[in-house]
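Reading through the structure tokens given below for one structure.
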Protein chains: 2
Amino acid sequence: MTKFMDVHHGMTGLTGDQLKETHEADLAIQDQEGVVFEHAWADPESGTVYCLSEAPDAGAVQRIHERAGHPADEIHCVSLAI
Amino acid sequence: MTKFMDVHHGMTGLTGDQLKETHEADLAIQDQEGVVFEHAWADPESGTVYCLSEAPDAGAVQRIHERAGHPADEIHCVSLAI
């Protein structure tokens, strides 16, 4: 399992409830690909959302986000963490 | 105090020791601006580093990063978090 940071753009005006709903949509199906979504942070002003996960590979992260209806714009393998 | 996610680009090939050193350089002076750096994640392949902090404002985060020798390329106020 490796850590990934994925980024979504264009989510300007996102509310706390919407972030919770989209995160829960990921959690509901993450087992299909062996992904564990750990955290999500959102900047509603610029419309940027960051998700931290552990997953077998970047493709697994993207497949869950796609099936949940919100594909990521970038997915980075963050092999170093403090 | 508000949460911020800042992003550094162009750090291709960063090692674990280098990430630790740069993070510790921030920690050593963060009190000057009332910033608390919580985590850092790096993707050495794309050269992207993400730092999560709590701070009075984005300027405080940037001033610490600048004084420590590694200004951020983007700083987002992540007012929503899960």
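At 222 nm, what helix-only mean residue ellipticity would chain B give, in deg cm²/dmol to the nearest 500, using -39500 (n - 2.57) for each DSSP H run of four or more?
Helices in chain B give a 222 nm mean residue ellipticity of -9000 deg cm²/dmol.
Using all alpha carbons of the range A:6-82, what is the percent of pairwise distances in each 5 Å bin, ordered from the shortest bin to the longest?
3, 16, 30, 27, 15, 8, 1
Name the most mobile residue of B:Asp26, B:Asp43, B:Asp17, meaning the one with the largest mean-square fluctuation, in a Gaussian network model of chain B with Cα contacts below 10 Å.
Ranking B:Asp26, B:Asp43, B:Asp17 by mean-square fluctuation puts B:Asp17 first.
Which Cβ of chain A lies nearest the axis of the rotation superposing A onto B, and at what whole-Å distance?
Rotation axis A onto B, closest Cβ, rounded to whole Å: A:Tyr50, 4.
How large are Rg and Dmax for the protein assembly as shown when only the alpha carbon atoms are used, in Å?
Rg then Dmax for the protein assembly as shown, in Å: 15.5, 46.
Along Cα-to-Cβ, 7 Å out, sits the label point; list in nm, shortest first, how far the one on A:Gly34 is from those in the other copies.
Ordered by distance, the counterparts are at 4.7 nm.
Just subtract the alpha-carbon distance of A:Thr15 and A:Ser46 from 0.36 nm times their residue separation and send over the number in nm, one decimal.
Roughly 9.9 nm would be gained on extension.
Label points 7 Å out from Cα along the Cβ direction at A:Ala28 and B:Glu66: separation in nm?
It works out to 4.6 nm between the two label points.
For B:Thr2, place a label point 7 Å out from Cα along the Cα→Cβ vector, do the same in each other copy, and report the separations in nm, one decimal, smallest first.
3.4
If each of B:Glu74 and A:Ala81 carries a label point 7 Å out from its Cα toward its Cβ, how far apart are those two points in nm?
2.0
Karplus couplings for the range B:12-21 from phi (6.51 cos²θ - 1.76 cosθ + 1.60, θ = phi - 60°), rounded to Hz, Gly and Pro as x?
Running phi through 6.51 cos²θ - 1.76 cosθ + 1.60 with θ = phi - 60° gives 4, x, 3, 9, x, 5, 5, 4, 4, 4 Hz.
With θ set to phi - 60° and the Karplus curve 6.51 cos²θ - 1.76 cosθ + 1.60, what are the ³J(HN,Hα) couplings of the range A:39-50 in order, to the nearest whole Hz, using x for Gly and Pro?
Each residue's phi maps through the Karplus curve to give 8, 9, 10, 10, 10, x, 5, 8, x, 9, 10, 10 Hz.
Bear in mind these aren't lab numbers, they're just calculated from the coordinates by the rules spelled out. Nothing here was measured: the structure is a model prediction, and the numbers come from that model. Cβ atoms come from the backbone with ideal geometry, glycine included; neighbour counts cover every protein chain shown.
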